[in-house]
Amino acid sequence: MARYIHIHVCFACDHNEGVAALAAKHIPATTADDDGTRAAKWFLEDLSKRTGCNTGSKGGLSLWGMIGNHTPVDKFCEVLRPFWVDLLSEVDGGPRSHERVIVFEEPEQSQAANAYEIGFDVPHDDKRTLFVRKHERLPFSWQQF
């Protein structure tokens with residue numbers, strides 16, 4: 001039986017070129033036979049091809065999404081940990097160290113989304129560490145019945 005998982009990734013991004021170059025550096029040569037790792041590779045491959053500006057009155061956003069099959073979103077977030085660290089270390093055109101990456105997931109038939117908040121514990125400290133915090137059962141969903 002299939003189990004769809006909606007995945008949505010969102011972060012501040014005014015200009016794609018700096019983020020694209022960073023994503024290209026993080027694309028793994030091979031991937032394990034695991035949906036979370038494969039999805040992370042697809043995400044980085046897509047970002048690596050982006051060009052131009054994301055417009056907005058206060059700045060742009062980078063948005064990416066997919067529908068997976070039993071995709072472990074927690075593993076997706078963890079596999080990308082080195083990319084998140086570099087991305088939030090003030091890549092040209094990307095998010096600043098005090099901003100967050102948000103990854104939404106919604107498993108089929110759950111009728112509620114979850115969110116992974118990714119950021120630095122102390123943004124402007126040399127000893128900062130990256131956290132991946134899961135917020136469960138948000139009060140909305142995309143897959144209504």
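The values are calculated or read from the model by the stated rules, or taken from the named source; none is laboratory data. Just so it is clear, the model here is predicted, and its values are computed rather than measured. Methodologically, a virtual Cβ is constructed for each residue, glycine included, from the backbone with ideal geometry; neighbour enumeration extends over all protein chains shown.
For the structure I just gave you, tell me whether residue 98 is free of Cβ contacts under 8 Å to residues at least 60 places away in the same chain, more than 19 Å from residue 80 (Cβ to Cβ) and within 17 Å of the chain's Cα centre (by Cα). Full working, then the answer.
Numbers: free of Cβ contacts under 8 Å to residues at least 60 places away in the same chain: yes; more than 19 Å from residue 80 (Cβ to Cβ): yes; within 17 Å of the chain's Cα centre (by Cα): yes.
Criteria met by residue 98.
Which members of region 119-140 meet the condition of being touching a Ser or Thr at 6+ places or on another chain (Cβ under 7 Å) and either β-branched (Val, Ile, Thr) or in a loop (DSSP other than H, G, I, E, B) (or both)? Explain how you work it out, then say what you get.
If we filter region 119-140 for residues that are touching a Ser or Thr at 6+ places or on another chain (Cβ under 7 Å), which is where we start, we get 120-121, 123-124.
121, 123, 124, listed by residue number.
How about region 60-109: which of its residues are closer than 18 Å to residue 5 by Cβ, part of a helix (DSSP H, G or I) and acidic (Asp, Glu)?
Selection gives 74, 78.
Evaluate region 47-68: report whether one residue or more is at pLDDT below 90, hydroxyl-bearing (Ser, Thr, Tyr) and more than 12 Å from the chain's Cα centre (by Cα).
Scanning region 47-68 turns up no residue that is at pLDDT below 90, hydroxyl-bearing (Ser, Thr, Tyr) and more than 12 Å from the chain's Cα centre (by Cα).
So residue 38 clears everything in (1) touching a helix residue (DSSP H, G or I) at 6+ places or on another chain (Cβ under 8 Å); (2) among the basic types (Lys, Arg); (3) without any contact (Cβ under 8 Å) to a residue 60 or more places away in the chain except one condition, right? Which one?
The failed condition is (1).
Take region 101-145 and flag every residue that is free of Cβ contacts under 8 Å to residues at least 60 places away in the same chain and touching a Cys at 6+ places or on another chain (Cβ under 7 Å).
Residues satisfying the conditions are 116, 118, 132.
Pull up region 101-145, narrow it to residues that are among the basic types (Lys, Arg) and under 18 Å from the mean Cα position of the chain (by Cα), then point me to the one that is nearest to residue 82 (Cα to Cα). Explain how you work it out, then say what you get.
Taking region 101-145 and keeping what is among the basic types (Lys, Arg), we get 127-128, 133-134, 137.
Checking which are under 18 Å from the mean Cα position of the chain (by Cα) leaves us with 133-134.
Details: 133: 16, 134: 18 Å.
The selected residue is 133.
Output the residues belonging to region 1-26 that are in contact with a Ser or Thr (Cβ under 7 Å, 6 or more places away or on another chain) and modelled with pLDDT under 95.
5, 7
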